[in-house]
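Read the structure below first, then the notes.
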Amino acid sequence: MSWVVEALLLGTLLSAFIVMLAPDEKAGKLAFLLTLPQLAGSLLMWLAFDGSGNALVGDGNLAFETMVPWISVGDIYQIQWHVGVDGISLPLVVLTTFLTTLAVLAAWTPINKRQSQFYGLMLLMEASLIGVFTSLDFFLWFVFWEFVLVPMYFLIGVWGGPNRKYAAIKFFVYTNVASLVMFIGFVALLFALPVQTFDLPVIAQSLLDGQLGSFYGLAPSTLKLAAFVAMFAGFAVKVPIVPFHTWLPDAHVEAPTPVSIMLAGVLLKMGTYALLRFNFTMLPDIAAANAEIIAVFAVVSVIYGAMLALAQRDLKRIVAYSSVSSMGYVILGLVAYTEYGMGGATFQMISHGLISGLMFMSVGVIYNVAHTRMVGDLSGVADKMPVTCAVFVAAAFGYMGLPLMSGFAGEFFVFVGSFGSETLAAAPLFTGAAMFGIVIVAGYLLLAMQRVIFGPFRADTEHEIHPAATHDVVPLVALVLVVIALGVAPDLFFTMIRDAVNPVLDAAATVGGGA
Amino acid sequence: MVALPTLTPQIALGVAALLVLIVDTVSPDTKRPVAIAGTALAGALAALGSAAFFLASGTGQPQTGGALSEFGNTLVVDGTSLLFTVIVAAVTALVALGSYDYVKDRHHIATYYSMTLLAATGMSVMASANSLAAVFVALELASLPSYVLVSYLKTNRGSVEAGLKYLIVGALSSAVFAFGASLVYAATGSLLLPEIQAALGSVPSANVGLLGVGVLMLIGGFAYKTASVPFHFWAPEAYEGAPAPVSAFLSSASKAAGFVIAFRTLTTAFPLETVIPMGIDWTVVLAALALVTMTLGNFAAATQEEVKRMLAYSSVGHAGYVLIGLAALGGEADGLVLGASMMHLLVYGFMNTGAFLFVALAEHWGIGRTFEDYNGLATRAPLACAAMTVFLFSLAGLPVGAGFASKYLLLMGATNAGHVWLAVALLVNSALSLYYYSRVVKAMWIEDPAGDFGIESRPVGLYAAVMAAAVVTVLLLVAFNPVSETAIGAAQALL
């Protein structure tokens, strides 16, 4: 079954082109049908997963691995087609295909122009996201990483809200510049290593073995720090970590609902995934030495993001800023360098992907009907849209970390992990501060719910509020069920995540990083 | 099996140029445009096919005994000459196909096509030229028809003005080049590149200054042909005034040909290990030129309001990227940097030609020249706009096309050679270029159309050429291995 990743990529790409050539009125249904094989394929991968350990370090076994020479560059470099998944990337692949399917369904109502192009781009984005999470050669990975920008740019720019042009170009330029900063950092590392390959496992091993030389007059230790900072800054934009978050609210508010789902659900995870794979796996000594600084960034993101959310009136902006806050937990978990911290961070990526997708989707459904998202314009919507509002409430509680929902599991793991961290000085203090974020989260979500969903019915809009269409409600309910399933049985993913995280911790401990 | 003459591609282009004139006189009026364009296309494809066949079969390459020489070693056939002949012939084929709709209703179709083919012949001879005299003759053979082509729209003031400017700057830089060649001859006693190299050791120290000035003037000649600083200022005028297919031809094929003579002359006649001890380190000059050229080209492109002019300046910027291939020589990665430059020129031959041909398509439809005029074009011509998007993003170095791979390797090469600052300049310029390339993309896809474009026809030839260029641009990213192996092999054989 080693071809399954290729089949997934090729199938998605082909589907994208088929959909682009389909007539507009059929494109939505066709795209939905064509996402199902990808979803089935990724679930099959999950069922048949036989990998162990981490993709980059230690002596684990990659699942569904292929490695063939792709481009040979004289006798200097060999670029490989190297793909495969481990316990960290597989859940993200499943998340990608699942959310794409639901996002396509969620697009049926709001997207009513140039449909075939829209759905084609969604599938194109799915393909490149799968590529980001499965490729293990830097060149190949960077191809997919950069390519994600292209469909996203169009999806925001063409189908977005009134300020879409500004938001699209801001997203495009901001994240592209960030990629280049990251690229400079990584390439500087690469040139100081005695390896002549772009293969990430080889590079990671070589770095951990202390083979780093000097580059351009920078001593290895300085170079490591400089590269770490460059890569961290580059990835921090994608995550986003405060103060690199300013593109996110613009992009989210302007993006149509299905695009917001993908943006919050999967695209942000590219940043945390890359941080885990590059910074925290390859340079654990630098991460550990600066753990407190990173933790400050994390806690500031949690608190400041939540405060920003508290100040918003637009439901979508609230959810957008709350993502900044939730991503802060992921960073805190990563920097803890404990099994539960890092594993919990990875689990939180999945959980947040599902719950934020759910939030954006239910806000989108309300907006489709009411044509407004302002907190003050609506009241008591639950009377008219019972199912949608029930889902919104469920999602909000998931966000707050209600037990038996995946949000609880993710945040609990992160807090357990970071509380007991030996890498992080004053770990209980940082953990406590981050936990306080939940209070604010509860504050703004309860406030928003109280005003929009409950109370006497009132709507300052010219549109009649009516229950949502079935194809809008189905993905909502499906997501809630998955969120609950993962909350009840986190081991569906957590076992393989733990298995993949432990080699990183071992490697970190060997180089003197993870305490 | 009868072996093909080693200069088959050049012969094919030259014969096709003459055939076009014959076809013009014998074919009936109604079929004349098709017959002429068909002849030209067939000639270009024959040249492309034979050059590609030679490359694949190893003609003139190390595995079959190395470079083949013709005419007393004034012309050579090796990996480099074949690779650049492929570039020139491919661009010529695309331009021949795309020009049909552009010129079929105008006068002097045969002149147009035979001039294009003659220029292409000159460029492919430049790829093989192994003597300063051969370089000069080939350079003139490529340049003189180009002047005519630029002023092809002879009732259009812009076209005529562009042609005149091109002619004047061209004549000046030809003179500079010829003077440089004569100085080199005075110092070394030969025009053949290998003999110049052999004579370098016996140049009396009093004449080293003479030789240095000669090399500098030769570089000036190259700068003109490649549209690099300081002889770049003709390029925006000429590309803007010329018919768009001619701009495509000049900015892709002519630039590549200019680079191949620079590559061959500098590496064969003036190898660094010999000239650096003499105090003639041309990499310093080229590194400065590379930096200034790419920065100036990109900043100028960023301030343009017209698409064609923006592409013209971006073409100057790309010349700067390619110059890295020469500037970073003498380090530890000579084959990689020079090879990466060659790869970039090959990829550029497709993506830039395609972009200019799209402009030709817009001109054919009577759409204006500015960014705003392209607003909402994708609603009427989505396929062509998708192709244009591929070209622009690939030019910017996003991984939708092979421009990503060639820039990536150029960057690796420059860093490997120790020229980190050139690599950083390349990165910064690429990031900047995304800004102005995406303005066109934004206009086409995101802005709303101001009115109806009045698009009545779908010109088959132009569409086919644009689509072919787009498909090749994308496929080259996937199948980049043959390109990189060929280019690096060619570069290593040259060094």
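The values are calculated or read from the model by the stated rules, or taken from the named source; none is laboratory data. For clarity, every value in this text was computed on a predicted model and none was experimentally measured. All Cβ positions, glycine included, derive from the backbone under ideal geometry; neighbour counts span all protein chains shown.
Structure values in brief
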item: Filtered residue count, region A:61-76, keeping only those that are surrounded by fewer than 20 Cβ atoms within 10 Å (Cβ to Cβ) and either within 14 Å of chain B (Cβ to nearest Cβ) or in contact with a helix residue (DSSP H, G or I) (Cβ under 6 Å, 6 or more places away or on another chain) (or both); result: 6
item: Residue match in region B:87-100 (condition: in a helix (DSSP H, G or I), surrounded by fewer than 19 Cβ atoms within 10 Å (Cβ to Cβ), touching a residue at least 40 places away in the same chain (Cβ under 8 Å) and out of contact with any Asp or Glu (no Cβ under 8 Å at 6 or more places or on another chain)); result: no
item: Residues satisfying the stated conditions in region B:452-481, i.e. within 13 Å of another protein chain (Cβ to nearest Cβ) and not in a helix (DSSP H, G or I); result: B:Ala479, B:Phe480
item: Region A:121-139: number of residues that are more than 10 Å from every other protein chain (Cβ to nearest Cβ) and touching a strand residue (DSSP E or B) at 6+ places or on another chain (Cβ under 7 Å); result: 4
item: Residue within region B:357-369 that is in contact with a Pro (Cβ under 7 Å, 6 or more places away or on another chain), on the phi < 0 side of the Ramachandran plot, surrounded by fewer than 24 Cβ atoms within 10 Å (Cβ to Cβ) and within 13 Å of chain A (Cβ to nearest Cβ) present; result: no
item: Qualifying residue in region B:26-35 (condition: among the acidic types (Asp, Glu), surrounded by fewer than 24 Cβ atoms within 10 Å (Cβ to Cβ) and part of a helix (DSSP H, G or I)); result: yes
item: Region B:146-160, residues that are buried (at least 20 other Cβ atoms within 10 Å of the Cβ) and farther than 16 Å from B:Ser114 by Cα; result: B:Ser159
item: Members of region A:156-172 found to be within 9 Å of chain B (Cβ to nearest Cβ) and more than 18 Å from A:Ala103 (Cα to Cα), listed by number; result: A:Arg164, A:Lys165, A:Ala168, A:Ile169, A:Phe172
item: Contacts under 7 angstrom Cβ, first residue in region B:306-334 being within 14 Å of chain A (Cβ to nearest Cβ), partner in a helix (DSSP H, G or I) and of a type in the set (A, V, I, L, M), 6 or more apart; result: B:Gly325/B:Val337; B:Gly325/B:Leu338; B:Gly325/B:Ala340; B:Ala328/B:Val337; B:Ala328/B:Ala414; B:Ala328/B:Leu422
item: Set B:Thr121, B:Thr155, B:Thr188: member being β-branched (Val, Ile, Thr) and without any contact (Cβ under 8 Å) to a residue 12 or more places away in the chain; result: B:Thr155
item: Which listed residue is within 14 Å of another protein chain (Cβ to nearest Cβ) and polar (S, T, N, Q), from A:Gln80, A:Gln38; result: A:Gln80
item: Residues (β-branched (Val, Ile, Thr), under 13 Å from B:Phe391 (Cα atoms) and touching a helix residue (DSSP H, G or I) at 6+ places or on another chain (Cβ under 7 Å)) located in region B:429-473; result: B:Val440, B:Val441, B:Val466, B:Val472, B:Thr473
item: One residue from A:Gly432, A:Gly455 being surrounded by fewer than 19 Cβ atoms within 10 Å (Cβ to Cβ) and either at positive phi or among the basic types (Lys, Arg) (or both); result: A:Gly455
item: Only listed residue being away from chain A (no Cβ under 11 Å), touching a residue at least 40 places away in the same chain (Cβ under 8 Å) and either over 24 Å from B:Val86 (Cβ atoms) or surrounded by fewer than 22 Cβ atoms within 10 Å (Cβ to Cβ) (or both), chosen from B:Ala493, B:Ala387; result: B:Ala493
item: Helices (runs of 4 or more DSSP H) wholly inside region B:161-243 that include at least 3 residues being modelled with pLDDT of 90 or more and of a type in the set (A, V, I, L, M, F, W, C); result: B:193-200, B:208-226
item: B:Thr415 being within 14 Å of another protein chain (Cβ to nearest Cβ), of a type in the set (Val, Ile, Thr), surrounded by 23 or more Cβ atoms within 10 Å (Cβ to Cβ) and more than 18 Å from the chain's Cα centre (by Cα); result: yes
item: Region B:54-80, residues that are closer than 28 Å to B:Leu97 by Cα, part of a helix (DSSP H, G or I) and touching a residue at least 12 places away in the same chain (Cβ under 8 Å); result: B:Phe54, B:Leu55, B:Gly79, B:Thr80
item: Any hit, region A:357-368, residues being touching a Pro at 6+ places or on another chain (Cβ under 8 Å) and within 30 Å of A:Asp499 (Cα to Cα); result: no
item: Members of region B:273-306 found to be in a helix (DSSP H, G or I) and hydroxyl-bearing (Ser, Thr, Tyr), listed by number; result: B:Thr274, B:Thr283, B:Thr293, B:Thr295
item: Options A:Tyr216, A:Tyr153; residue that is within 10 Å of chain B (Cβ to nearest Cβ), at positive phi and of a type outside the set (S, T, N, Q); result: A:Tyr216
item: Flag for A:Phe118 being at the interface with chain B (Cβ under 10 Å from one of its Cβ atoms), surrounded by 24 or more Cβ atoms within 10 Å (Cβ to Cβ), within 22 Å of B:Asn375 (Cβ to Cβ) and among the hydrophobic types (A, V, I, L, M, F, W, C); result: no
item: Residue selected from region B:442-451 under the condition part of a helix (DSSP H, G or I) and surrounded by fewer than 24 Cβ atoms within 10 Å (Cβ to Cβ), by the criterion nearest to the other protein chains (Cβ to nearest Cβ); result: B:Lys442
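Table: residues versus (1) in contact (Cβ under 8 Å) with a residue 12 or more places away in the chain; (2) over 19 Å from the mean Cα position of the chain (by Cα); (3) facing chain A (nearest Cβ under 9 Å).
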| residue | (1), (2), (3) |
| --- | --- |
| B:Leu411 | yes, yes, yes |
| B:Tyr436 | yes, yes, no |
| B:Val483 | yes, no, yes |
| B:Ile488 | yes, no, yes |
